Structure formats: structure tokens, C-alpha cells
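What follows is a set of notes on a single structure, which appears directly below.
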Amino acid sequence: MSLSRQDATRRESLALCAGALASVWSSTAWAASATLPVPQSLAEELAKALKAGQPLVVMVSLEGCPFCRVARDHYLDPLRRQEGGYVVQIDMRTATSVRDFSGATTTHDALVRGWGVKIAPTILFFGAKGIEIAERLEGGTIPDFYGAYLEQRMQVARALTK
């Protein structure tokens with residue numbers, strides 16, 4: 001069976017489109033988002049951070065939140081990987097089990113409600129005894145200044161943990 005010239009051209013076009021889509025899909029624009037550690041125990045994570053003279057930074061995230069992805073990918077993951085920051089993620093509206101700062105077992109959602117967090121992303125900065133030591137960074141609609149606001153809060157939090 002021979003293909004007509006039109007069918008051959010159509011198949012070539014489809015192959016080119018499939019190749020282009022595969023290229024776009026694998027590009028950084030579509031790459032998987034960075035992940036932050038999800039703690040089993042906030043008390044243990046805090047102890048590690050304080051031992052290193054650092055605050056514990058907790059990102060409250062919401063699945064599918066584009067602002068959370070930007071905060072995580074462009075600010076918090078680099079803070080953790082490049083600057084040695086102690087950063088973990090707690091997810092709104094999930095029943096994932098976690099031990100709080102006192103060692104009691106709770107859920108991510110219960111922690112978020114207990115902290116009074118209503119906006120994703122919210123970044124919290126904890127020092128000794130699980131006390132917040134810097135102003136929260138709430139929301140993600142300030143991309144031009146987000147890094148500066150995060151750095152300012154990190155400076156305050158680091159000064160209070162040393």
C-alpha cells in the first residue's frame with residue numbers, strides 16, 4: 001500500500017509536532033516543581049536548625065497554588081540548597097500526620113488552622129520553643145519584592161537564633 005503525497009506530508013507534520021511538543025514538555029518551563037522536605041517532627045527539624053544557628057522556616061503551601069510554586073522554586077528551595085537554610089513544607093487541607101513542636105501528633109491541616117494561616121503561601125520563621133521570631137511572609141503577589149522581603153525576615157530570624 002502506498003501513501004499519497006498528502007498523507008506522507010501529513011505524517012511528517014504530525015511527527016514534527018510530536019517532536020516539538022516533547023521538546024517543550026521537557027523544557028524548564030514545564031519541569032517538575034522543586035520539593036521541600038515534609039517533616040515528620042517539627043521539634044526534630046527545629047532542633048537541627050537551632051543547632052546550626054538557624055531558624056526553622058516553614059512554608060505553608062496549597063496543592064496547585066501557582067504562587068506557592070514560585071515561592072518554593074525560586075526562593076525557598078535555593079535558600080535551603082545554596083544557603084544552608086532549614087526549610088520544610090506543611091500543606092493546607094491535608095491530613096498528613098506530623099508531630100508538632102511539643103511532640104504531640106497532629107495533622108498538617110490542624111497545624112495550619114492552629115497557626116491561623118489563611119493564605120497560601122505563608123512563610124513562618126520559628127526559633128527556640130517553636131515561637132515565631134520574624135514577621136510572616138504572606139501571599140505571593142509581590143514578585144518584584146518577594147526576595148527582598150524574604151531576606152529581610154531571614155536576617156531578623158537569624159539574628160534572634162544566634
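The values are calculated or read from the model by the stated rules, or taken from the named source; none is laboratory data. No experiment lies behind these values; they were computed from the predicted model shown. Here the Cβ is made from the backbone with ideal geometry for all residues, glycine too, and neighbour counts use every protein chain on show. Heads up: the accessible areas ignore ligands, DNA and RNA and are worked out on the full protein's heavy atoms, side chains in. Shrake-Rupley method; radii C 1.70, N 1.55, O 1.52, S 1.80 Å.
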- Item | Cα-Cα pairs of segment 96-162 separated by more than 17 Å (percent) | 51
- State the extension gain, in nm to one decimal, for the chain segment bounded by D144 and A104, taking 0.36 nm per residue of separation less the distance between their alpha-carbons. 10.5 nm
- Query: Over segment 54-162, what percent of the accessible surface lies on carbon and sulfur atoms, probe 1.4 Å?
  - Reply: 51
- Query: Which value in nm describes the separation of the simple spin-label points at R93 and K162, placed 7 Å from the Cα toward the beta carbon?
  - Reply: 4.1
- Item | Prolate/oblate/rounded label for segment 50-104 (Cα gyration tensor, a/c 1.5) | oblate
- Inter-site label distance for A34 and E151 at 7 Å from Cα along Cβ, in nm: 1.5
- Message: Against the 2.2 N^0.38 Å scaling, with N counting residues, where does segment 21-162 land? I'd like the Cα-based Rg ratio to two decimal places.
- Response: 1.04
- Label-point gap, in nm, between E135 and I119 - each point 7 angstrom along Cα→Cβ: 1.2
